[in-house]
Amino acid sequence: MPGLTLTVTVADCLPIYFFDPQKQVIGLAHAGWRGLSQNIIRAVLDGLQKNFNCQVANLLAYIGPHIKKCHFEIKADRGRYFQAYPECLIKKDRRIFLDLTGLAEAQLKTAGLLKNNIASSNVCTFEAVNKYFSWRRDPAAKIQAMIAYIGLPPKSHLS
Ligand SMILES: [Zn+2]
C-alpha cells in the first residue's frame, strides 16, 4: 500500500501498528479494553491474511504509548472479560488494574506473531503529562485526542 497513510485517534487506548516487510503491507488498530476483550487483534490479522495474503509469522507489531497497568484501574466486574489472562489483572489494595500491554502482547503471540517481532512503548500516557493527553487524567471537556499514523512512501520514492 505505498503512498497510503493510516490513522487512528487514541487517548489512553493502544495504537497497534502492523508491518509486513515482505508484502510491504501496513495495518493500524485502535485497541482499548473493549477492543481487546473482543480480540480486535485477531480481526486485524484475519483482514491482513485474507486481503493481502500476509503470513502472521512475518508481521512486525508495535504497541504505541497508552495507559499502563500502573494507572489503568478497572471496575471489578470488568475483570471477567479477561479471565483467560489472569497475569494481566493486578489486584492492589482491593482495586483492580489491567495490564493492557501484557494483554495485547499475549494476544499477538497467541495469534502467531513471533516474540521478537513484538515491541511496546514503555510510556504511560497518564504519567507523561507534558507529552500526551490522557482520557483518565484530564477532564473530558478538554479532550485532545492524539493521532497515531503509519504509512509507506509512494513507489517512486522507493527506488
Ligand atoms: Zn502510569
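Summary table
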| quantity | calculated |
| --- | --- |
| Of all residues making up segment 36-54, the number that are assigned to a loop (DSSP other than H, G, I, E, B) and either within 16 Å of the ligand (Cβ to nearest atom) or in contact (Cβ under 8 Å) with a residue 12 or more places away in the chain (or both) | 3 |
| From Val10, Val56, residue being among the β-branched types (Val, Ile, Thr) and under 13 Å from the mean Cα position of the chain (by Cα) | Val10 |
| Selection count, segment 119-136, where residues are within 10 Å of the ligand (Cβ to nearest atom), surrounded by 15 or more Cβ atoms within 10 Å (Cβ to Cβ) and either hydroxyl-bearing (Ser, Thr, Tyr) or farther than 18 Å from Ala104 by Cβ (or both) | 2 |
| Index of the failed condition, Leu103 passing every other in (1) free of Cβ contacts under 8 Å to residues at least 60 places away in the same chain; (2) within 16 Å of the ligand (Cβ to nearest atom); (3) in contact with a Cys (Cβ under 7 Å, 6 or more places away or on another chain) | (1) |
| Odd one out for Glu105, checked against (1) surrounded by 17 or more Cβ atoms within 10 Å (Cβ to Cβ); (2) modelled with pLDDT under 95 | (2) |
| Scope segment 8-21; condition at pLDDT 95 or above and surrounded by fewer than 16 Cβ atoms within 10 Å (Cβ to Cβ); matching residues | Pro21 |
| Residue count for segment 55-92, restricted to those that are within 16 Å of the ligand (Cβ to nearest atom) and either more than 26 Å from Val8 (Cβ to Cβ) or free of Cβ contacts under 8 Å to residues at least 24 places away in the same chain (or both) | 3 |
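The rows are residues; the columns are (1) surrounded by fewer than 16 Cβ atoms within 10 Å (Cβ to Cβ); (2) closer than 19 Å to Thr7 by Cα.
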| residue | (1), (2) |
| --- | --- |
| Ala31 | no, yes |
| Asn39 | yes, no |
| Val44 | no, yes |
| Cys54 | no, no |
| Ala61 | no, yes |
| Arg78 | yes, no |
| Phe82 | no, no |
| Tyr85 | no, no |
| Leu89 | no, no |
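The rows are residues; the columns are (1) within 21 Å of Ser37 (Cα to Cα); (2) touching a Phe, Trp or Tyr at 6+ places or on another chain (Cβ under 8 Å); (3) part of a loop (DSSP other than H, G, I, E, B).
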position	(1), (2), (3)
His71	yes, yes, yes
Asp77	yes, no, no
Ala84	yes, no, yes
Asn116	no, no, no
Asn122	no, no, yes
Lys131	no, no, yes
Tyr149	no, no, no
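The values are calculated or read from the model by the stated rules, or taken from the named source; none is laboratory data. Owing to the predicted nature of the structure, the values given are computational and were not obtained by experimental measurement. Backbone-built Cβ (ideal geometry, glycine too); neighbour counts: all protein chains shown.
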